[in-house]
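Participant: What follows is a single structure, and I will ask about it in a moment.
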Amino acid sequence: MKKIITIMVVFSSSLIFSQEKEVQKTINDFFVGLNSKDTLAIRKQCYKDVIVQTILKTKQGNQLKTDDFKAFLVSISAIPVEVKIEEKILDYKIEIDGNLAHVWTPYEFYVNGNLSHKGVNSFTLFKENTEWQIIYIIDTRRRN
């Protein structure tokens, strides 16, 4: 009986680890696209109706800003070639329940090698058939 329980624990652990790797790959591929300004690569990781939001701290107080995903992609593609952007992910905290995943990623954002801001991204994903898709992105942004 102990052997069966041990086998079941090892098997479930490997399935969970495999799922986490798939989810992390989706997020990694999103940032490869972002850092290279490749909007097709970004779009490939996102569900067609993805929601994109930002929490901003302004002089008027905290604000929640919702962006149109297509406008977000246009803004990425409009960044001049000579401007290098890089969002460095500092950590991944991944939680999965069936076809739902949540990923928390603290980050630092650099423009031409200079730290612009930092914060945290929160992603919600769902598994459509065999692929994980980002359905919701929200982030915070703090200046140094």
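The values are calculated or read from the model by the stated rules, or taken from the named source; none is laboratory data. This one's a predicted model, so the numbers in the text were calculated from it and none came from an experiment. Using ideal geometry, Cβ is built from the backbone for each residue, glycine included, and neighbour counts are taken over all protein chains shown.
Participant: If Lys118 satisfies all but one of (1) among the basic types (Lys, Arg); (2) touching a Lys or Arg at 6+ places or on another chain (Cβ under 8 Å); (3) not in a strand (DSSP E or B), what's the number of the condition it fails?
Facilitator: (3)
Participant: Quick check, is Glu108 touching a residue at least 12 places away in the same chain (Cβ under 8 Å) and of a type outside the set (Lys, Arg)? Please lay out each step first, then the result.
Facilitator: On the way: touching a residue at least 12 places away in the same chain (Cβ under 8 Å): yes; of a type outside the set (Lys, Arg): yes.
Spelling it out, Glu108 is indeed touching a residue at least 12 places away in the same chain (Cβ under 8 Å) and of a type outside the set (Lys, Arg).
Participant: Condition first: among the β-branched types (Val, Ile, Thr), out of contact with any Asp or Glu (no Cβ under 8 Å at 6 or more places or on another chain) and in contact (Cβ under 8 Å) with a residue 12 or more places away in the chain. Can you find one or more residues in the stretch 115-123 that meet it? Quick ask: steps written out before the conclusion?
Facilitator: Let us first name the residues in the stretch 115-123 that are among the β-branched types (Val, Ile, Thr), namely 120.
Narrowing the set further to residues that are out of contact with any Asp or Glu (no Cβ under 8 Å at 6 or more places or on another chain) leaves none.
Looking through the stretch 115-123, none of the residues is among the β-branched types (Val, Ile, Thr), out of contact with any Asp or Glu (no Cβ under 8 Å at 6 or more places or on another chain) and in contact (Cβ under 8 Å) with a residue 12 or more places away in the chain.
Participant: Just need a number here: residues in the stretch 25-42 that are within 22 Å of Lys93 (Cβ to Cβ) and of a type in the set (Asp, Glu).
Facilitator: 1
Participant: Here's another thing I want to ask about it. Here is a list: Asp67, Asp49, Asp97. Which entry is touching a strand residue (DSSP E or B) at 6+ places or on another chain (Cβ under 6 Å) and acidic (Asp, Glu)?
Facilitator: Working: Asp49 fails: touching a strand residue (DSSP E or B) at 6+ places or on another chain (Cβ under 6 Å); Asp97 fails: touching a strand residue (DSSP E or B) at 6+ places or on another chain (Cβ under 6 Å).
None of the other options fit; the residue is Asp67.
Participant: Now for a separate question. Pull up the stretch 59-107, narrow it to residues that are of a type in the set (Phe, Trp, Tyr) and not in a helix (DSSP H, G or I), then point me to the one that is modelled with the lowest pLDDT.
Facilitator: Taking the stretch 59-107 and keeping what is of a type in the set (Phe, Trp, Tyr), we get 69, 72, 92, 104, 107.
Next, from what is left, pick out any that are not in a helix (DSSP H, G or I): 92, 104, 107.
Details: Tyr92: 95, Trp104: 98, Tyr107: 98.
Ranking the candidates gives Tyr92 first.
Participant: Hey, another quick one. If we keep just the residues of the stretch 22-75 that are β-branched (Val, Ile, Thr) and more than 20 Å from Leu125 (Cβ to Cβ), which is surrounded by the most Cβ atoms within 10 Å (Cβ to Cβ)?
Facilitator: The qualifying residue surrounded by the most Cβ atoms within 10 Å (Cβ to Cβ) is Val74.
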